[in-house]
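The values are calculated or read from the model by the stated rules, or taken from the named source; none is laboratory data. Only a predicted model underlies this, so the values are computations on that prediction, with no experimental measurement involved. Every residue, glycine among them, receives a Cβ derived from its backbone with ideal geometry; neighbour counts consider all protein chains shown. To get the accessible areas, we keep the full protein, side chains included, count just its heavy atoms, and leave off ligands, DNA and RNA. Shrake-Rupley method; radii C 1.70, N 1.55, O 1.52, S 1.80 Å.
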Amino acid sequence: MRFFKRKNTKKSISAIPSQYQAVDPIQKDALKTSLQENIQTIKYTLGASTDIVFREIRIGKEGSINAGIIYTDGLTDTTSLQEFILETLMLDIKEVELQKKITTGENLISLLKDLALKVGEIKEVTTLELLYNGLLSGDTVLLIDGYAQGLLISNKQWVERGVTEPVAQTVVRGPREGFSENLRVNTALIRRKIKDPNLWMESKIIGTRTKTNIEIMYINGVANDKIVKELHLRLDRIEIDGILESGNIEELIEDDAYSPFPTIFNTERPDVVAAALLEGRIAILVDGTPFVLIVPALFVQFFQASEDYYQRADISSFIRLLRFGSFGISLLAPALFIAITTFHQTMLPPALLISLTAQREGVPFPAFFEALLMELTFEILREAGVRMPRSIGSAMSIVGAFVIGTAAVEAGVISAAMVIIVSITAIASFVSPTYDIAIAVRLLRFGFMGLAATFGLFGITVGLIALILHLCSIRSFGIPYMSPLAPFNISDQKDTFIRLPKWKMFTRPRLINQQNIVRQQDSTSAKPQPPKNEE
Amino acid sequence: MMRNIKINSNQFLVLVIFFTIGTSILEVPSALADKTNQDAWITAIIGTGIGLLVIWFFTWIALWFPTLTYIQITEKIFGKWIGRVASLIFISLPLLYTSSLLFQSGNFLNTHMMPYTPMVALNILMVGILVMGVYLGLETIARSAEILFAFFFLAFFVFVLLIAPEIRIENVQPVFEVNLKNMLQSSLFLVITSSVNAIVILMIFPAFLNKVKQARRSFLIGNLIGGIVIIIITFLSVSVLGADKTANEIFPSFELAKRISTGDFIERIEVLMASLWIISLYFKMILYFYATVFGIAQVLNLKDYRPLTMPLGLIVMVLSLVIYPNVVYKQDMNITTEYSFSLIVGIFIPLLLALIYGIRKKSLKKELNSSK
Amino acid sequence: MLKVIGILLVAAVIWRVEVPSLLQKNYKKELVVFLLFLSIGVGLGIVQALGKPIPNPMDFLTFIFNPLNDTFFR
Amino acid sequence: MKRHMIVLLILSLFLTGCWDKRELNELAITVAMGIDKVEDEFQLTAQVVVPSEVSMKQSSGRSPVTLFQAKGETVYEALRKMTISSPRKIYPGHLRMLVIGEELAQEGIGESLELLSRDWELRSDFYVVVAKDKTAAEILNVSTPIESIPANKMFNTLKTSENSWSATKGITLDDLISDLISDGQNPVLSGIYITGNEESGSSKQNVESITPSAQILYDYLAVFNKDKLVGWLTERESIGYNYITNSIKTTVTSVSCPEKGKASIEVIQFKSDMKGKINKGEPEVDVNIQVEGNVGSVECHINLKEPVTIEELEKIYEKEVKESIDQTIETAQKQYKTDIFGFGQAIHRSNPKTWKKIKEQWDEKFTDMVVNVEVDLKLRRTGTVNKSFLKSLQE
């Protein structure tokens, strides 16, 4: 409610940042000319952190120039440090008369950078803040006595997971690669799919403490400029100490914070991101997580699996309809069961009514409570299954199946029909291709059960109207969430409930993309045509 | 005052269809069959025709000032004070009819599905989503109408298909037994519920539409489609149930749904059909309620109508409980006082408006030009 | 009595939701109209909850339109 | 947004009254109801299912249904009074059969049906039948083989016999009421009666022997004048009735062969058209019946290979059916004086103006109106064989 909302916003504007400014350890002052002084400052600021290595060397023919090398152990590639930095400085340029050059007025730092160091990415820094940023993200710092400048030499390397098959979104047909935790690897995976110069990336650093790298990626000219601008605005508004996962970003920039429905899509599949970029959407990559965010995300998007586009169109359409159906089942099945068996018994066929009644003889709970109990049990089981170590998981599912399926019914505590309903609901909820939309339903289901238990089908109808009103009221980055269903758009129906063959998709989704709508220029040549039979 | 809200003509079409079908789908067959027996469906056709004329008249009025709502038009033409009085009379119509429909939805549920649930409880739930819808604004209402419209028509189509085998053509014979005068008289019920009351839509049309010319067509087509639905329902009621039973049932189309029995399997689905009527009822109700809330805000020149939504929801709720002490009273009111009220607000005042507009046309044009 | 408390509770919720934002935006007129309608609503609600009769607007209209009704619709 | 969700949630919490909630095991599922008139009061008998006995798993061998009875001045009162003896509330939503006692039927069934048409819970798709020579309670008291629930047995028997024999007619409450309220049409209902020893009919042993000692059977049609029972049609007349009112689906009719013996014709397609007209100021009705059939069996010596034989058979059939129809009409006109065929409606449909004039004296007009019956049979097939083996037997 607004009551809470307002208080929070006030706090986030005024109180939090000032608190951080007070304790902020990073001084923005510039580097000094004295090497010793610089090293002392750095040592002081970083505390006695044992993973920071300070190495003082002397370089030049005369060995008269004092230099300091600082790096973070574990984040820096020590081999390349030795080969390309230490060796260069201490051996290769031994014969160069550096002292002379200095006196002729040349800047030694630029000199080293331009002539000596055999490393790809080198930056000059003059402030301590930038120095810390580089140092703590794995760069090697080179300081030279007498210069209020330093070099950030990029030779990051740390242990990481390679590109593996995505776990959360599996396919039968389609690329097997998934994003990893490394931002650069992830951008590379996308770049490899779209070799368009218009594929632009803009980076940001968010999190006052974590300094997490974030890339905004879109195809210039295809993506809607307004949405790009809006996204920048929202990202710039974030003032928080840490971003650990893209989920953090998602919560901070989404449109409707209280809605159970996700308004930002996430995926760990590069092909999904590439497809989204081609449709004119915008991807947000966050360092340290394989989950990439895609905006704007619409309701129907959560029912589209990447595989839909790799399989034949007809079967994909069928499967997609199946998903929408399952969504309905997993949302409404227990509620409908409650409504029909406790309010509208007339709806049941006579034989079914009698058999259901016979099952219920001796069941001590009202149907609503019975359903609640079973649904909760199932939720507990599911959660337990996710958190348990894999080896215990199978044991648990046996216990669960036995307790719910057999024992409860045998004991007459639960009617067999209810077990069937709960199982159907559970299975239906596993069908949805994205996890986010499946969990949105989990909570709503209980609401519907409550409505059904008080008002029967009328309650469910009212609940559905309220749900649809809600869905129609939210937007994702200015795009109505329910589009292209509402506002209805006939040309976008080609990829909503059904998927038309690729050669029929001439245009990009209309609302997301307004300037560059055409995907395939020639509509006649798109359709595959066998060569004329010449006999 | 939230001027940037615009809905497109498709959404408007859907809203008009829902408004036209609204309660009519439940009540019209019975009202028409009461006097014109098996010719009720012809009466429905006549009613729809007259209704279209009425709608055309409304759009004609509305298009004098394509950026103003009906209340603003009234004030412009009648002048500030008389205009306000006329507007208040106008607003009392949707206010009263929101409560009336609320009573009807509660009454329908009480009669056919849940006789022991107090009507207050049912109405509270309904008012809950009414307030929610109006609060979220016209765009949201229009969009959800689009989605629910798909459900509605799919189910309606299935409904017609399933009930078609039960048609006994003897039930509608002899055709044209009733004379035209009786038909015209009976069709008044349909004309009033579906078309004359649609004057409240002038609170949306044309001010909130992005393409006014197209929207005018939508208005007429929507009314026509709604009318066709009612004609179909009336025809089905009479041909399946028979004229006498249709006239005698309070909600004949519910009785109709009870007759569905295809292959001994698809049967007993009347409760599902009832959900559809709840949906169409809801949209008619919300259009009335929106007109009420928005109208009051506009007469009083408020910057935002939203704060009024919940208090008015409360008022409408209470009114729905007192407005009709019983069903018989309601049915009597439907064809006497509500006729008069609707005709005064929906026909007489607009005609007056047209008269004065004709007289003051030139000065008004000047005024409008100078304000630009 | 329980019903009255319920109505007051609902009124309190409505108040809580609307008044602060109206005050914040400095909408004076809106606030006055809002309070007027809220009190009408609460008043009617309480009278209804206590089982006292509320004048029926339909009866009033019937009174006005009676001559019209009698000539045309009866 | 959130606000509304919360408001809705709070509301629904407030409202957890569950006024209309009924758990399945709080219902006494009533599958058949009987109404009798006993000493100026209505006696209501409800046949209620014992669910645990019907489902396979838990049955303990007791009777699958049980009867509850109550009397009251109105049917509704009796229905509610039944809770004196029934542990659960009578739930009539799945009613299959309504049995009306003959005595009550003679006095008039209108009053007792009024409740049933008004009650929200009843779906009016159950069959209404009249208990012949018995009270409704006695009929409902017989246990039945194959279908363990007697009401289902009655329902299904009526349905099958209506479809394949056509001497009965399943009339639902809807049909009955629309017949009752419309001018120029009076209702008929199927009759039901018990053969054998009805004393032992209610006990379990009744179904344990191969030949049940008491059995429920359908007798033909009960004729009503308005809502009062006035008499019964014979089997032949009942079929005749169904011929006229186009309510035959399939049936088998035996016809006499040109020489001695019988043949039977199986009706597979049937259409009967009723047209009213005014001839010299007097109402007349044409009934035009078109039948397609097969030769079902030949128990006489005719040569089915001759086309002439088929023609001959057709002629005989047409004549005999016409006779039986004429007889039905005569019975209705002369004996019972009630328009059960809806001839009045036919006149209404074709000549609404004249109908208005003669509506009031329709009962008299009906008794001496002219009905022209046309029967047209087309024999299509002769089954799987050509010539009957009886023929070779003879030779």
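Dividing the mean sequence gap of close Cα pairs (under 8 Å, 6+ apart) by how many residues chain D holds gives a relative contact order of 12 percent.
Using +1 at the Cβ of each Lys and Arg and -1 at the Cβ of each Asp and Glu in chain B, identify which of B:LEU162, B:THR67, B:PHE90 lies farthest towards the dipole's positive end. The one lying farthest along the dipole's positive direction is B:THR67.
Looking only at Cα atoms, what is the convex hull volume of chain D per residue, in Å³?
On the way: hull volume 95.2 nm³, N = 395.
In chain D, the Cα convex hull volume per residue is 241 Å³.
Rolling a 1.4 Å probe over the protein heavy atoms leaves D:THR367 with an accessible area of roughly 20 Å².
Across peptide B:274-282, the average count of Cβ atoms from other chains found within 10 Å of a residue's Cβ is 3. Label zone of A:VAL413 (point 7 Å out along Cα→Cβ, amide N under 19 Å): in the range A:355-374 this covers A:359-374. What you get for the protein assembly as shown, charging only the Cβ of Lys and Arg (+1) and of Asp and Glu (-1), is a dipole of about 5120 debye around the Cα centre. The overall shape of the range A:315-420 is oblate: from the C-alpha gyration tensor, with semi-axes ordered a ≥ b ≥ c, the ratio a/c is 1.5 or greater and a/b is no larger than b/c.
Please arrange D:TYR241, A:TYR309 by accessible surface area, largest first, computed with a 1.4 Å probe and ligands excluded. Mind showing how you got there, number by number?
Values: D:TYR241 5, A:TYR309 60 Å².
Most to least solvent-accessible, the answer reads A:TYR309, D:TYR241.
In units of the compact-protein estimate 2.2 N^0.38 Å, the protein assembly as shown shows a Cα radius of gyration of 1.19. Shown here are the Rg and Dmax of the Cα trace of the range D:235-395, at 18.6, 65 Å.
Report, to two decimal places, the Cα Rg of the range A:267-349 normalised by 2.2 N^0.38 Å (N = number of residues). Kindly include the intermediate steps, with their values, before the conclusion.
Values: Rg = 18.5 Å, N = 83, 2.2 N^0.38 = 11.8 Å.
Cα-based Rg divided by the globular estimate yields 1.57.
Projecting the Cα atoms of B:PHE265, A:GLY221, C:THR71 onto the charge dipole of the protein assembly as shown (Cβ charges, centred on the Cα centre) puts A:GLY221 farthest toward the positive pole.
Near A:THR140: Cβ cut-off under 15 Å, other residues only, Lys/Arg at +1 and Asp/Glu at -1. The net charge is -4.
How big is D, in µm² s⁻¹, for the range A:22-153 by Stokes-Einstein at 10 °C and 1.306 mPa s if Rh is the Kirkwood radius over C-alpha pairs? Numbers along the way, then the final one.
Values: Rh = 15.0 Å.
It diffuses with D of about 106 µm²/s by this estimate.
Applying the Kirkwood pairwise sum to the alpha-carbon positions of chain B produces a hydrodynamic radius of 21.0 angstrom.
Among the trypsin sites (Lys or Arg not before Pro) in the range B:235-324, those located in a DSSP loop and surrounded by at most 16 other Cβ atoms within 10 Å of their own Cβ are B:LYS303.
Taking the 1.4 Å solvent-accessible surface of chain A as the whole, the part contributed by carbon and sulfur is 59%.
How big is D, in µm² s⁻¹, for the range D:20-232 by Stokes-Einstein at 20 °C and 1.002 mPa s if Rh is the Kirkwood radius over C-alpha pairs?
On the way: Rh = 17.4 Å.
Result for D is 123 µm²/s.
Rolled with a 1.4 Å probe across the full set of protein chains, the surface gives D:SER203 an accessible area near 30 Å². Annotation: amide H of A:SER476 within the under-5 Å range of A:TYR481, sequence separation 5 or more or interchain, hydrogens built in the peptide plane. Once the 1.4 Å probe is applied to the protein heavy atoms, chain D comes out at 45 Å² accessible per residue. Relative intensity of the range D:218-304 on a log10 scale, I(q)/I(0) at q = 0.18, 0.20, 0.26 Å⁻¹, equals -0.95, -1.04, -1.20, per a Debye sum over C-alpha point scatterers of equal strength in the absence of solvent.
Average the reciprocal distances over every distinct pair of alpha-carbons in chain A, invert the result, and give the Kirkwood radius in Å. Working shown, then result.
Details: mean 1/r = 0.0358 Å⁻¹.
Hydrodynamic radius (Kirkwood, Cα pairs) of chain A is 28.0 Å.
Annotation: aspartates and glutamates with alpha-carbon distance below 19 angstrom to A:LYS504 (same-chain offsets under eight excluded): A:GLU279, A:GLU307, A:ASP308, A:ASP314, A:ASP492, A:ASP495, A:ASP522.
I need the fraction of alpha carbon pairs in the range B:229-325 separated by more than 22 Å, rounded to a whole percent. In whole percent, the long-distance tail amounts to 52.
For the peptides A:478-488, B:16-26, A:266-276, residues were scored by their other Cβ atoms within 10 Å and the scores averaged per peptide; the highest-first order is B:16-26, A:266-276, A:478-488.
With Cα atoms defining each centre, the range B:109-176 and the range D:143-220 are spaced 38 Å apart in the structure.
Using the Kirkwood radius over C-alpha pairs as Rh, can you work out the diffusion coefficient of the range B:47-86 via Stokes-Einstein at 10 °C, viscosity 1.306 mPa s, in µm² per second?
Working: Rh = 11.0 Å.
So the translational diffusion coefficient is about 145 µm²/s.
Could you tell me whether the range A:48-92 comes out rounded, prolate or oblate from its Cα gyration tensor? Rule is a ≥ b ≥ c as square roots of the eigenvalues, rounded for a/c under 1.5, then prolate if a/b exceeds b/c, otherwise oblate. Because a/c hits 1.5 or more and a/b fails to exceed b/c, the range A:48-92 counts as oblate.
With θ taken as phi - 60° and the Karplus curve 6.51 cos²θ - 1.76 cosθ + 1.60 applied, the whole-hertz 3J(HN,Hα) list for the range A:162-174 is x, 6, 10, 5, x, 8, 7, 10, 9, 9, 8, 10, x Hz, x standing for glycine and proline. The charge dipole of chain D, taken about its Cα centre with unit charges on the Cβ atoms of Lys, Arg (+1), Asp and Glu (-1) only, comes to about 1460 debye.
Protection proxy ranking, highest mean first, for peptides A:207-214, D:126-133: D:126-133, A:207-214, where packing is the per-residue count of other beta-carbon atoms within 10 Å, averaged. Accessible surface buried at the D:A interface totals approximately 2900 Å², computed with a 1.4 Å probe on protein heavy atoms.
Annotation: lysines with alpha-carbon distance below 16 angstrom to A:LYS123 (same-chain offsets under eight excluded): A:LYS113, A:LYS156.
Can you bin the range C:2-72 into rounded, prolate or oblate? Criterion: square roots of the alpha carbon gyration tensor eigenvalues sorted a ≥ b ≥ c, rounded for a/c under 1.5, prolate for a/b above b/c, oblate for the rest. List each step's numbers first, then the result.
On the way: a/c = 5.10, a/b = 1.74, b/c = 2.93.
In terms of gyration-tensor shape, oblate.
Can you tell me which of D:SER178, D:SER190, D:SER247 moves the most in a GNM of chain D? Springs connect C-alpha atoms under 10 Å apart. Looking only at D:SER178, D:SER190, D:SER247, the biggest GNM fluctuation is shown by D:SER178. The range A:60-107 to the range D:256-321: how many Å between their Cα centroids? The two parts, judged by their Cα centres, are 119 Å apart. Placing a pseudo-label 7 Å from each Cα along the Cα-to-Cβ vector at D:ILE268 and A:THR406 gives an inter-label distance of 5.4 nm. Among residues other than A:GLU370 with Cβ under 11 Å from its Cβ, the summed charge is -1 (Lys and Arg +1, Asp and Glu -1). Inter-part distance, the range B:297-372 to the range A:400-456, computed on C-alpha centroids, equals 48 Å. Taken residue by residue and averaged, Cβ atoms of other chains lying within 10 Å of the Cβ of C:10-20 number 5. Peptide B:314-321 has a mean of 6 when you count, residue by residue, the C-beta atoms of other protein chains within 10 Å of its C-beta.
Restricting to lysine pairs 8 or more places apart or on different chains, what number in the range D:20-232 have Cα atoms under 12 Å apart?
Values: D:LYS37/D:LYS71; D:LYS37/D:LYS134; D:LYS71/D:LYS81; D:LYS81/D:LYS89; D:LYS159/D:LYS169.
Eligible lysine pairs with Cα atoms under 12 Å apart amount to 5.
The lysines whose alpha-carbon is closer than 20 Å to the alpha-carbon of B:LYS80, local same-chain residues fewer than 8 away aside, are B:LYS303, B:LYS361, B:LYS362, B:LYS365, B:LYS366, B:LYS372, C:LYS29. Note on B:ILE50: accessible area is roughly 60 Å² with a 1.4 Å probe, heavy atoms of protein only.
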